[in-house]
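Some notes on the structure that comes next.
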Amino acid sequence: MRDLEIKGMVSAHAIIASSIFIATVMPLFFVEKFSVYGTHMVWLYSVSGSVAVVNITIFWLLGISPPTKKHTLGYKVSRLLRSCLYFILSCLLFHAVVVLYGAPLLESALETFSLAVLLSSLTTVRCLCVLGPNVPAWIRVLSRDGAMSVWDTSLQITTACSVIGAWLGAFPIPLDWDRPWQVWPISCSLGATFGYLTGLVIAPTWIHWHRKQLTYKSK
Amino acid sequence: MRFTFATAGTSKDEEVPRIRSAPDFCQAEPRFRRAVVLIIDALKIDFARFNAQNVAPRPFENKLPVLEEVMSSQPTHSRLFAFRADPPTTTMQRIKGFTTGSLPTFIDVGNNFASSAILEDNLVHQLGQVGKRVVFMGDDTWESLFPKKFHRSLPFPSFNVKDLHTVDNGILQHLYPTMEGSDWDVLIAHFLGVDHCGHRFGPDHPAMADKLTQMDAVIRSVIGRLENDTLLVVMGDHGMTDTGDHGGESLKETDAALFLYSPAPIFPIPGTQTEPEVVPQTDLVPTLALLLGIPIPYSSIGQVLLTLFPRDKGSSGAPAHLSQAEALWINAKQVNRFLETYSQMAKDIPPESLSLLRADFSRLSSQYLSSAQRGHPPSPAVAAALQGYLTAVRDTCRASWARFHPLKMVAGIAILAAACMLCLAVSELPAVAGEGRALRAPLVTGVGLAGGVAVVQLVTGGRGQGRGPLGALPTLFSVPLLVLVLRCASLLSDSYVVAEGRVATFLLCSLGVYVPLRLNWDGLLLPVSPDPLRPPGAHPSPTLSPSAVRRESLTLLACLGVLVGSLYLSLSFHACREEQGACSPSAFLAPLSRVQDSGLRNLHYVLSVASLTAWTFALRRWLRHYGNLNCSGPAVFAARWLLPAASVCLALHWAVNSTPEESFRNLSELMGLALVALPRAAFSSWGWGRPSYRASTGISPQAELHHLIPQLYQRMRQSLEDGEPVGAGDGGGGPAVEAYGLGTVYSAPLVVLCGLLGLGLLMLHPEGMALSFLLLLLEAAALLRLHSSSTALALLQGAHTGGFSVPWTPVLLWALAATQFFHATGHLPTFPSIQWGAAFVGFPKGHAGTLLPATLVTLNTFSAHILFAVGCPLLLFWPLVCEVRGGRRGRGVVAGDGEEGEDAVMEMRLREQPERFSSALLQLGARYLFIHGAQVLASVCAAAILRRHLMVWKVFAPKLMFEASGFLVTSASVLLGLALVMRVDVAVGRWFKKLLPEESR
Ligand SMILES: [Zn+2]
Ligand SMILES: [Zn+2]
């Protein structure tokens, strides 16, 4: 059972990772003079879009989403709407946090917001897919004993890795190297993406490593 | 490192009389009337040498063929020497070196840090004295070193190392027109392109070839424009390493090129005289001075370059010029005079070598003078002996002056590291036995750390304290220490030091966010769900109540919000370093009197007064809330009104100070009086108010304790006696403890002290900083509440270990906040940014001594360090102060009557376990000092490792000095805070003794 789940997770993560790769390569054919640094916003939205879409598709196909009590259309629509609202709220929250961390307030507000969108699609979308629009559950997942399935654990790991990646991405900004990737918010969004990719690798590995110790209580 | 600098520094801080003319200069006909000095920054000797056999020259080789061409075609007109600089080989130090002729000292950086102008006698000054018109163009460092000394000056910005051409092109635009004109006697042009090219690309790069070729063309056209009475000097100020950097003492860095050319023959035919291979940089000063006919600068210890002087008079057909022996004699007299004066003021030259030099000089002078009287030219032996004397003086000075001492640096670092480890060990020891000793130990540690050496003795003495930090190892890998490591690592990079204010804010923010995340990770942030499958070991606690937990969590998150918000707002109070290009300093930094727009000025004033009021109100509110003002004695009366009185004084002072004088011309006398009186009144009310306390006009918090506390106890006891028959059980201890300030017996004096200190320190700042100080108060309160909430959450959920020890996270937050507010009050770790205006607050006419203004400026600079260090023990008290609320609310829900008595004890809990209290206090102090000590250690390491970094004199050395002095101030303030707490402890203990027999009756 556990092994099957891990295998599923490995393939899902491989698909997500390759989607990030494709999202980096594909615009080369559609956008003129596309480069990660030069047309950073295009890259950023392409990656966050693909990550969001692939995540939603995979988790929908795998049927990981929490069981819904009602199956009425109205309930599903309200759930969808609430998910969208939460996504937007999380974008705003990330934006606020990033600004409070010292990002410029007015100039390059678009860049800051784009970073917030990227962070949201790397973390919040997955939360929405795995846990549904249920904030207490999100908070619960972020505690030591909060994971209730393998997917919760992987959610913990990827979320933490993306946020830490973005945090680490802020480090090179003050350095006087004059590299193109030191421009706000390139290093942070790259850091978040690399962190996410690392999380995708670490999560199945770690779970595999600790599969004996991992005990999940039933919901 | 600190010791090294100290030894290097003592050489000159005893101000040798600076600019002084040489009365005995003999007015011979100068050899040259004019001179052109082309300084090509970082022109290494390798760049200037030409090797015809080299068929495949590297980019920096054989690019200056003009030198070789001139030397082979006109051997008696020109010479090329290696020009050896004294470390540190940085441009500014070198410019000082080859204009003053003295050796560099570390204290140069700090000696005249108000302005960077050279105060010592120098070539430029002497040229100006005799009326030579000095025209300067190029590196703008000169402009700051010699302000208003030039006849004409065309400085170009030198800061941007990536810019290879601005300075050079600027010079080239003006150089030739100036030379062709007649409005100059000495022309100095300082090219920066080669140096910047080295820093940017390294010497082995095509750009270097281009740059050197350009310089070749420059030298060519300058030579073509020279007239017969003009000397050309082409020189580098230092060399560069293979990576293009400089600053250190390797030969690659010290050996620059010196090329001398005169349109008229001046040198002997090569091979007829022994000529030096290497010319020390100091030797240029006397040589140029004598060639141009000006006195040798007073503190020069250089030796004339003899090849430029005729061997004896008459032989070279120019009888009026100085001969070699005469030049040497003038030189020796000047050096001897300097040596005499200097050795009287500073004792760092060994007396035996000094007496040897003295004897040497008197023997030589009698020999020289006797031969001069007889009309003979002095014998070559005398000239050689004079040369020997000059060399000996220089070597003696060099031996006792500037040098990097790697061994001493390592030793200094080791001592500091040992002191830090000791602090860590003390802080991690579970319990230090013995109440009295334990309380004394922070004193020992603090003083020891400050002294450094004392600690080493402690360690070698093996008092059992230095048991090693092995027990601390597990905690080393926690997040707070990771943040500390990041903070220390950030001191090793110049970019991060430049952006230090933001770095500290960023780390503080991160660590603040970490607190709730960590609590949530441990499952402590939210109340446990109804069916808790808690891990074994965590037994459900009876104090647990969901609403209390939820309330505490909300408080915690709100505090985090306040913390992050005030952090963000405080970013707008930063000043700007010159290294930060696009940055405008905070508008609040300008004193109100400089604000032109009156509407804006009024707005600023209102804002400042509003925040001042808020500061006072918040503190008074807090004191009242915890019942510290519930008394009518004179002491409490004073405590109640002191804060408002001080702030009213301060507000009036601002008003008077910022009013434009024109509008109140008739009131100017009154204003003058007020300018003096108001700040002094405020000073005396907080600082030196202890004597006046007797007259009950002012009060010092320490004196307050003696009277305040017993009175409170008296009142409390009365109320207990009165209340006992009436209120049964429930209305007993708890409320009374709170009502009469017993619960905050330790923290209230600290808060009062910090509040008053804050007001006093605020007075030393520009008015606008009141907002920043308000933020400081907010942030400190938020930090304290954050800490107490997280402790309470842990306690409520039964996961607390007990004891009073303060974990690393809040201590680190506290220490980072000190650094952050250093920046947020408009300070920077650079000398030009020191707010000198602070010295004149209350003393607009200036001071007689230096101690008082120095103290005021220190207080101004390190006010954040002082406030946070004094308030440090609050971290220990705050969870206890706040616990009563949680307990009370818990009581309503849980209705556990048993705890209520215990909960309401607040700080009296500390009295119950004096050993734990004192060891926790010691631990807190040690941890706080450790964090600051680690930062000092990091900046010391940075300065030691990066001593040849481009930015060492601009960034790292000042940072080190600020960090070290900040640490000293912090240690002293921590001791002050601890002393206050101990004082209260003693007072409370005495009162208990007095009370107990009465109760047992
Ligand atoms: Zn230089
Ligand atoms: Zn340089």
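Could you do me a favour and compute the accessible area per residue for the range A:91-165, 1.4 Å probe, result in Å²?
That works out to 35 Å² per residue.
Take B:Phe843, B:Phe821 and sort them by solvent-accessible surface of the protein heavy atoms, 1.4 Å probe, largest at the top.
B:Phe843, B:Phe821
Could you state the accessible area per residue of the range B:361-427 in Å², with a 1.4 Å probe and every protein chain left in place?
Roughly 46 Å² per residue, with all protein chains present.
Taking 0.36 nm per residue of separation and subtracting the Cα-Cα distance, what length does fully extending B:Gln344 through B:Asn160 add?
Between B:Gln344 and B:Asn160, full extension yields an extra 61.9 nm.
Once both axes come from the Cα atoms, what is the angle between helix A:109-131 and the longest principal axis of chain A, in degrees from 0 to 90, rounded to 10?
Value to nearest ten degrees: 10.
Between B:Thr274 and B:Arg337, how many nm apart are label points set 7 Å from Cα along the C-beta direction?
3.0
With respect to the cross-link table entries B:Lys63/B:Lys132; B:Lys162/B:Lys954; B:Lys44/B:Lys333; B:Lys96/B:Lys211, which display a Cα-Cα separation exceeding 29 Å?
As for pairs spanning more than 29 Å Cα to Cα, those are B:Lys63/B:Lys132; B:Lys44/B:Lys333.
Tell me, what is the FRET efficiency for B:Gln74 and B:Asp210 to the nearest 0.05, using R0 = 30 angstrom and their Cβ-Cβ distance as r?
So, using R0 = 30 Å, E works out to roughly 0.65.
Once you average over the residues of A:100-110, how many Cβ atoms of partner chains fall within 10 Å of each Cβ?
Across A:100-110, the average partner-chain Cβ count within 10 Å equals 3.
In peptide A:166-177, how many Cβ atoms from other protein chains are near each Cβ within 10 Å, on average?
4
If one takes the accessible area of chain A alone plus chain B alone and subtracts that of the pair, with a 1.4 Å probe, what total in Å², rounded to the nearest 100, results?
Using a 1.4 Å probe, the pair buries roughly 2000 Å².
Please tell me the relative contact order of the range A:1-113 in percent, rounded to the nearest whole number, where contacts are Cα pairs under 8 Å and at least six residues apart.
20
Please work out how much length the chain gains when fully extended from A:Ser18 to A:Ser78, using 0.36 nm per residue of separation minus the C-alpha to C-alpha distance, in nm with one decimal.
Full extension from A:Ser18 to A:Ser78 adds 18.4 nm.
Given a Förster radius of 60 Å and the C-beta distance between B:Leu569 and B:Tyr176 as r, what FRET efficiency does 1/(1 + (r/R0)^6) yield to the nearest 0.05?
The computed FRET efficiency comes out at 0.65.
Could you compute the FRET efficiency for A:Asp3 and A:Val201, with r as their C-beta to C-beta distance and R0 at 25 Å, rounded to 0.05?
0.90
The values are calculated or read from the model by the stated rules, or taken from the named source; none is laboratory data. Since this is a predicted model, take the numbers as computed values, not measurements. Glycine also receives a Cβ, built like all others from the backbone with ideal geometry; neighbour counts cover every protein chain displayed. Note: accessible area is taken over every heavy atom of the protein model, side chains too, but ligands, DNA and RNA are not part of it. Shrake-Rupley method; radii C 1.70, N 1.55, O 1.52, S 1.80 Å.
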